[in-house]
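Written out below as structure tokens is the structure these notes cover.
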Amino acid sequence: MLEIHGLNAWYGESHILHGVDFEVREGEVVTLLGRNGAGKTTTMKSIMGLVPRRAGHVKFRGAEMIGLMPNQIARAGIAICPEERGIFGSLSVTENLMLPPIVAPGGMGIDEIYTLFPNLKERARTAHGTRLSGGEQQMLAIARILRTGAKMLLLDEPTEGLAPVIVQQIGRTIREIKKRGFTVLLVEQNFHFAATVADRHYVMEHGKIVDMIPNHLLESSMDKLHEYLGV
Ligand code: ATP
């Protein structure tokens, strides 16, 4: 579904991605693991067209995304949930859900969203974005991109800073999204969490993919992973 070959990216003069190669097949959940600064977020932003200068190939359903604007990439069916979540703090949960960036055919209706996220339903009218907990904000951010009609979701560190019980909820949500046929590329620092949701893991170092680990081999690759991630 998503094929990335020789992806390079720059911020000004800084050359950040040096020929990234990987693929995500339809219906898979795939993670990008790696130390801080390895280039995971830059890879996600490059796929979405949010990095000013990039080269190489990002093919989505066979069509080249390099050279397209972010809004065109969104219309092709890719959506990003950035680390900073992008919630409107002054708006209620429902209002946030009524304002997705783009609603393409196939975008989830509000009722379906509330079935998938019962916690959000409870908070629908009362809570404004700023009054939501970190976990609720993350759920709302994921719910918003499901509204867009995208079938390929890019989630950047959805568990960052969240309590273990909330991390488990996010895990359940991602597994449910996968069951519904969505494809997910996930940036994660927490590989114990990654193991509960993903089919495969790519490891990034210095702006390149250096390894691919199928999920069933993750446990037995822990020594190698600790070395990669420096933990
Ligand atoms: P983290 O978990 O810390 O976000 P990451 O693997 O996602 O790590 P990136 O955020 O992609 O890493 O950063 C890769 C490199 O690009 C880092 O050296 C970072 O300092 C640099 N970088 C990121 N954003 C910018 C920017 N807007 N301008 C210049 N350099 C940047």
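The values are calculated or read from the model by the stated rules, or taken from the named source; none is laboratory data. What you see is a predicted model; the values in this text were computed from it and never measured. Please note: Cβ atoms are built from the backbone with ideal geometry, for glycine as well, and neighbour counts cover all protein chains shown. Calculation scope for accessible area: heavy atoms of the full protein, side chains included, ligands and nucleic acids excluded. Shrake-Rupley method; radii C 1.70, N 1.55, O 1.52, S 1.80 Å.
Could you tell me which of the pairs K151/K179; K40/K179; K59/K179; K40/K151; K178/K208 are separated by over 18 angstrom between their Cα atoms in the structure shown?
Details: K151/K179 12 Å; K40/K179 25 Å; K59/K179 24 Å; K40/K151 20 Å; K178/K208 26 Å.
Among K151/K179; K40/K179; K59/K179; K40/K151; K178/K208, the Cα-Cα distance tops 18 Å for K40/K179; K59/K179; K40/K151; K178/K208.
Return the calculated 222 nm mean residue ellipticity for the chain, to the nearest 500 deg cm²/dmol, obtained by summing -39500 (n - 2.57) across DSSP H runs with n ≥ 4 and dividing by the residue count.
Result for the chain, helices only: -9500 deg cm²/dmol.
Once neighbouring chains are kept in place and the probe is 1.4 Å, which whole percent of the accessible area of the chain is contributed by carbon and sulfur?
52 percent
Estimate the FRET efficiency between E64 and H206 by the formula 1/(1 + (r/R0)^6), using the beta-carbon distance for r and 30 Å for R0, to the nearest 0.05.
0.70
In terms of solvent-accessible area of protein heavy atoms at a 1.4 angstrom probe, what is the ranking of R180, R172, highest value first?
Values: R180 90, R172 130 Å².
Ranking R180, R172 by accessible area, largest first, yields R172, R180.
In what order, largest first, do K178, K121 sit by accessible area if the probe radius is 1.4 Å?
Solvent-accessible surface, decreasing: K121, K178.
For the peptides 22-29, 60-67, 134-141, what is the packing order when you average, over each peptide's residues, the other Cβ atoms within 10 Å and list the highest mean first?
The packing order, highest mean first, is 134-141, 22-29, 60-67.
Please calculate how many Å² of accessible area the chain carries per residue, with a 1.4 Å probe and no DNA, RNA or ligand atoms counted.
Accessible area per residue, the chain: 45 Å².
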